[in-house]
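I have placed the structure first, in the form of structure tokens, so that the comments after it can refer back to it.
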There are 2 protein chains.
Amino acid sequence: MPNGYCGKILHVDLTEGKTSVDEPGELFYRAYGGGPGIGLYYLLHGLPTGTDPLGPENILVFAAGLLTGSTAPSVPRYTVCAKSPLTGALGKSEAGGWWGPELKMAGFDAVIFRGKATKPVYLWVHNGNAEIRDASEIWGKDTGETASTLKSELGDDRIRVAAIGQAGEHLVRFANIVNELVHFNGRNGLGAVMGSKNLKAIAVRGTGRVNVANQESLTELSRWVAQAAAEHPLSKVLHIQGTPVIIGANDAIGGLPTHHWSKGSFESANEIGGDKLTEEFLQGRGTCFACPIRCKRVIKASGNVDPSFGGPEYETLAALGSNCDVGDLQTLCKANEMCNRFGMDTISAGAAISFGMQCTEAGIIGPEVTDGKALKFGDGAAVLEWINKIAHRDGFGDVLAEGTLRAAKSLGLDAERFLVQVKGQEAPMHDPRVKVGVGLQYALSPIGADHWFAQHDPLFTPGNPIGEAAGQPMGILQGVAVGDLTGEKVRMVFYTSLLNSLFDGLGVCFFGFAPRSVTPLNKMVSMVQAITGWETSLWELMKIGERINNMARVFNARQGFSSKDDVLPDKFFGPLQSGPNKGKVTIHKEEFEQAILLYYEMAGWIDGEPSNGKLSELGLGWLRK
Amino acid sequence: MPNGYCGKILHVDLTEGKTSVDEPGELFYRAYGGGPGIGLYYLLHGLPTGTDPLGPENILVFAAGLLTGSTAPSVPRYTVCAKSPLTGALGKSEAGGWWGPELKMAGFDAVIFRGKATKPVYLWVHNGNAEIRDASEIWGKDTGETASTLKSELGDDRIRVAAIGQAGEHLVRFANIVNELVHFNGRNGLGAVMGSKNLKAIAVRGTGRVNVANQESLTELSRWVAQAAAEHPLSKVLHIQGTPVIIGANDAIGGLPTHHWSKGSFESANEIGGDKLTEEFLQGRGTCFACPIRCKRVIKASGNVDPSFGGPEYETLAALGSNCDVGDLQTLCKANEMCNRFGMDTISAGAAISFGMQCTEAGIIGPEVTDGKALKFGDGAAVLEWINKIAHRDGFGDVLAEGTLRAAKSLGLDAERFLVQVKGQEAPMHDPRVKVGVGLQYALSPIGADHWFAQHDPLFTPGNPIGEAAGQPMGILQGVAVGDLTGEKVRMVFYTSLLNSLFDGLGVCFFGFAPRSVTPLNKMVSMVQAITGWETSLWELMKIGERINNMARVFNARQGFSSKDDVLPDKFFGPLQSGPNKGKVTIHKEEFEQAILLYYEMAGWIDGEPSNGKLSELGLGWLRK
């Protein structure tokens, strides 16, 4: 019996209605970890170039992190991978909650779906068994109804359900996957891949437990982390206010996307931020499996808001709030509920709506296009209406459900100038003009603009003890300024991109483990040692992260992506419109392009593609051309 | 007061007769470690392109390892760096013993010499003070007389002396630096650099001690290492037989250089190996500062051999023994004594003599060239005579004192075909035809053919528990075969080249810490943490090694070296002449060249030169072109 992982991968052929199991062995786990390491391994072994993301040839992987389910604190995460219907590149999205740990307790590290069911189905995984079951009854239901129906049908309240809502069924290109109503594989439209396969949900239940090599050591480390979480300023603020605290922080530096990225501060920021949410809406604090931080928001029922879909995160508040000029928190709680109910990424949904609002403001579209409905900045009711229309592909909602890039193309060149996306994915709510490292990561992330790959670089400036202490084992942040697009800044982005992918591979949460955060990296290494029993090191583990990044890059190259796709939208090369740096251009295009080239050299990529030497160095010789 | 290091670098201007001290600060030590990290930093900041290695512009650095002198077990080493008079490339050579620890206890991490004294001098360093003193009395003396005269002159028997002998004074291009008669900065002719500066010796004495952040942890780790050294098969055999045990091991696999590389096994191997030395010559076992392994040989007085210059190492026995067809151990003990007395690298001395023997055998030279003296394979008396003639540049000895590359050029093309050197340095006594990874390292080492950079790769094959266990934290050796010139083999060479340079930076000894050896790498990391107090990791530390390798590469590029110099002598592409693989060609030129290119890609080098991205990644942006 291995330690940390289960050693079993469940394969589901939806076309044939059959399941099987393979056991790839210890060296596989040691090389690829879990999560996207597993996902990319199988995608690269089976997905043809040019596959239609919404066709039966797409492969859909659910993979727990290597340590997920081990009771180590803040290690609840799993990854979903496929070719993305939003970008055509790698689709990859992580979620916390309880679903990943439950999968491990049910005896599997990952589930891999191929083909397409002839009618709606769901998968029922329980203690080493798997069953493809009819989902006719739940097709059409929202994510909450789906979960409760399955728990009732299978007769166990402790079943964990990952499901799609109406958005996934309607192949909305930014439909997400929801587990337990309040945790999301949010980005890249992976819910639409489930929909395209007629796969409504995966219900899992396990009573096993993940083996731990050295329980005494793990217990001691866990105690240390719990103590640190109770004392550390970052975890404390995440506990008290959750991510909505970032509304105020970003607004203060002129980096709160407002009026579809036209401004960096919002006059009603105070109305939608952490203080207001905490004071007026908060009922309690939710959490993920074995996490002492409890950053999730449990809100009160208020107005017509169903609180069971959780409270809004920062990204939701900014994407559907400030970026749409909507400053009413009650409306945003409802918008959040609707997106979660329908199973739709709040970032891309907000981006689609605010993009529509900007097109309206510019006179590119009017009521004749928008089904006679309002689509104007500041109109909260319109936001709610358009969420509904997008999820159901109703009227112009059908156009927006394609994502902003496809919508703009259908509206013509005049609309394209408003796009704020990379590789087809809408940018999350961190403005690269005030966080230039984030801009590099938007351009370089294999999954399109993404704030998970991105570090929030102001925290890494010299003198910030959080960032400095945490970065030390990686050999960065030794008093080196990381302000502009210098080599040091690129290095910081490069190193943290390796580290973030390692987090995904292990299943650990950024909030508990990141540089600048609660748990020093060396404690994380000790945790891996305690759980797996491996004589390992940060050196070896960082190679898991690097392997993931290089496999992602090879995946994208095979699907036609190249260095020409590592770009930022023009808007970010323009001046800031508000905040302390108003009028200032902070990212210069030529400098930015040089920084991208520098990153390639750091990564061992020739014109953006992994060199044969880099692949061999990583033990990925099987991907050499 | 810092931990681990002293924080002070002593600068000596021999031309002006002045000394000064700088204190580069903690981040300097954290980035560069010690040893070659310090050496290269100062060479790259002051040495002009095209500098004459034997001119006053050359810079000569003596630098202790970061941890040297800390009482950590098996951490006694220091480095000497300069531009090499043998290769014209980086000159770099490590030594053990007590001199490095004593320098630290005297308050300095390094001593840097510039310029040239007008008359012979030595440097006297004691407890934070430094004094340039007259050496007229000891100029012309051998290394033993020099040490004893200085101890007597300065009135302290505990003074440690690093000195040159007659070879260094006569600018023999492979003259070495000897400390305490039995420890050597052996290769690259750095003794000649001392000679060229009229610098006879450096005497050091300190009563301070190196600060340790966590003595309790260090004590516990030290106890662990001592126990491991007592039990581990590698350290046990090194203790019992010393490096001469390798004679038998290499002979068995057809890899014992014999008859100037014409054969791989020697009929008299048993007469010059570890068994014979142990049984008939051994009196005791010597050691370095705080090392439990005690791999040094103390031999009995026998015949005319003065035992105070120590017993012969493997390299000496092969270079002056099997490779000259000399199978008499008494003669080899004398040859060893003479080289050490005169201060001359036994490898290059043996290579020069065996090369001369081969030229004689081929009829290229005869008595008219060799001063009427014999220079024939198998003639032990001739070996002793030619050691004497080389050290004093007597007659044809003057030609051989230039090293084989220059000697061959002066003898014409017919002699050049016998050369076994890279970048002008003669190959040490490991045949790449039976250890192909060593061949890669011969070609790639910045200091010319060198067996320190090289790993003895048969030990890394799957199933060897020593290699596998030790390699795990580096993420290699996970059951992957490393036999041929595959990507895995190149990776092994690449990773271990980083690691070996890290060892040099820390001052730790390969025999105590290497992959496949006594101390697991994670214990080494713990030791760095205990001594320095840094929250560090193998990840951060390996970057020290990588920094050193990249700085060395930049140094060589500035001095005119390029990818065209990363080659092997033709001989190694030919068939083996004896042993189990007799007649077999094991290194194919095209495959080898591909492997070199693969290494460049792994290292982030474009056509063999560090890319700007790699330099920035390592915090070496100051070396960008």
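When only Cα pairs below 8 angstrom with a gap of at least 6 residues are kept, the stretch B:17-107 shows a relative contact order of 24 percent.
Antiparallel beta bridges, as assigned by DSSP with both residues in the stretch A:9-205, represent about 75 percent of the total such bridges. FRET efficiency for the pair A:Asp570 and B:Val585, taken as 1/(1 + (r/R0)^6) with r the Cβ-Cβ distance and R0 = 56 Å, rounds to 0.45. When chains B and A come together, the accessible area they lose, probed at 1.4 Å and totalled over both chains, is close to 3200 Å². Given R0 = 56 Å, the distance between the Cβ atoms of A:Asp484 and B:Thr207 translates into a calculated FRET efficiency of 0.70.
Kindly identify the stretch B:485-562 as rounded, prolate or oblate by the Cα gyration tensor criterion: order the square roots of the eigenvalues as a ≥ b ≥ c, call it rounded if a/c is under 1.5, otherwise compare a/b with b/c, prolate if a/b is larger, else oblate. Oblate, because a/c is 1.5 or more while a/b does not exceed b/c.
Express the Stokes-Einstein translational diffusion coefficient of the protein assembly as shown in µm² s⁻¹, to the nearest whole number, given a Kirkwood radius over alpha-carbon pairs, 20 °C and a viscosity of 1.002 mPa s.
Translational diffusion coefficient: 66 µm²/s.
Against the compact-protein benchmark of 2.2 N^0.38 Å, the Cα-based radius of gyration of the stretch A:203-283 scales to 1.67.
Size of the stretch A:9-205: Rg and Dmax of its alpha carbons, in Å, are 14.9, 42. Here the Debye sum runs over all C-alpha atoms of chain A as equal scatterers in vacuum, and log10 of I(q)/I(0) at q = 0.07, 0.10, 0.12 Å⁻¹ comes out as -0.37, -0.82, -1.26.
For the rotation that carries chain A onto chain B, the axis lies closest to a Cβ at A:Trp539, 2, where the number is the distance in whole Å. Relative contact order of chain A, taken over Cα pairs closer than 8 Å and 6 or more residues apart, is 15 percent.
For B:Ala230, inter-copy separations between label points set 7 Å beyond Cα along the Cβ vector come to 4.3 nm, shortest first. Looking at the calculated P(r) for the stretch A:19-80, what percent of the C-alpha pair distances fall above 17 Å? Of all Cα-Cα pairs in the stretch A:19-80, 48 percent lie more than 17 Å apart. Over the stretch B:9-205, with every protein chain in place, what whole percent of the accessible area is carbon and sulfur at 1.4 Å, could you tell me? Here it works out to 45 percent. At the residue level, A:Tyr600 shows approximately 10 square angstrom of accessible surface with a 1.4 angstrom probe and all protein chains present.
Per-residue ellipticity at 222 nm, computed for chain B from helices alone with -39500 (n - 2.57) per DSSP H run of at least four residues, works out to -11500 deg cm²/dmol. The mean count of C-beta atoms from other chains within 10 Å of the C-beta of residues in B:602-612, rounded to a whole number, is 3. Rg/Rh, computed from the Cα trace of the stretch B:485-619 with Rh as the Kirkwood radius, has the value 1.04.
These residues, B:Glu617, A:Glu416, go from largest to smallest accessible area, 1.4 Å probe, as A:Glu416, B:Glu617. Shape annotation for the stretch B:240-419: C-alpha extents along the principal axes are 49, 35, 29 Å, from largest to smallest.
Highest mean first, the peptides A:284-296, B:434-446, A:336-348 sorted by other C-beta atoms within 10 Å per residue fall in the order A:336-348, B:434-446, A:284-296. Packing around the peptides B:157-165, B:6-14, B:126-134, B:358-366, taken as the average count of other Cβ atoms within 10 Å per residue, puts them in this order, highest first: B:157-165, B:6-14, B:358-366, B:126-134.
About its Cα centre, the dipole of the protein assembly as shown is roughly 460 debye, where the only charges are +1 on Lys and Arg Cβ and -1 on Asp and Glu Cβ. Inter-label distance, B:Ser562 to B:Glu153: 4.7 nm, where each label sits 7 Å from its Cα along the C-beta direction. Placing a label point 7 Å from Cα along the Cα-to-Cβ direction at B:Pro575 gives distances to the equivalent points in the other copies of 7.9 nm, listed shortest first.
Cross-link partners of B:Lys296 among lysines, defined as those whose alpha carbon lies under 27 angstrom from its own and excluding same-chain residues fewer than eight positions apart: B:Lys92, B:Lys104, B:Lys141, B:Lys151, B:Lys200, B:Lys236, B:Lys276, B:Lys334, B:Lys435, B:Lys523.
Take each residue in B:28-35, count the other chain C-beta atoms within 10 Å of its C-beta, and the mean is 1.
Accessible surface calculations at 1.4 Å, restricted to protein heavy atoms, place chain A at 30 Å² per residue. Span-like helix check, chain A: qualifying full DSSP H segments, with Cα axial length of 20 Å or more and mean Kyte-Doolittle of -1.0 or more, are A:215-231, A:346-361, A:487-506, A:538-558, A:589-603. Here is how far apart the B:Asp306 label points are across copies: 9.6 nm, shortest first, using a point 7 Å from Cα toward Cβ. Considering every alpha-carbon pair of the stretch B:370-451, the percent of pairs per 5 Å bin, from zero through the bin containing the longest distance, is 3, 14, 18, 20, 20, 14, 8, 2, 0. Cross-link partners of A:Lys582 among aspartates and glutamates, defined as those whose alpha carbon lies under 16 angstrom from its own and excluding same-chain residues fewer than eight positions apart: A:Asp251, A:Glu267, A:Asp431.
In plain terms, if you count all Cα to Cα distances in the stretch B:120-233 and split them into 5 Å steps from zero, the share in each step is 2, 12, 18, 17, 13, 10, 9, 10, 7, 2 percent. Of the peptides B:49-62, A:182-195, B:98-111, the ranking by mean beta-carbon count within 10 Å, highest at the top, reads A:182-195, B:98-111, B:49-62.
Counting Cβ atoms of other protein chains within 10 Å of each residue's Cβ and taking the mean over peptide B:111-121 gives 0.
The values are calculated or read from the model by the stated rules, or taken from the named source; none is laboratory data. It should be emphasised that the depicted structure is a prediction, and the values quoted were computed from it without experimental measurement. When we count neighbours, we look across all protein chains shown, and the Cβ atoms used for this are built from the backbone with ideal geometry, even at glycine. What goes into the accessible areas is simple: the full protein's heavy atoms, side chains included, and nothing from ligands, DNA or RNA. Shrake-Rupley method; radii C 1.70, N 1.55, O 1.52, S 1.80 Å.
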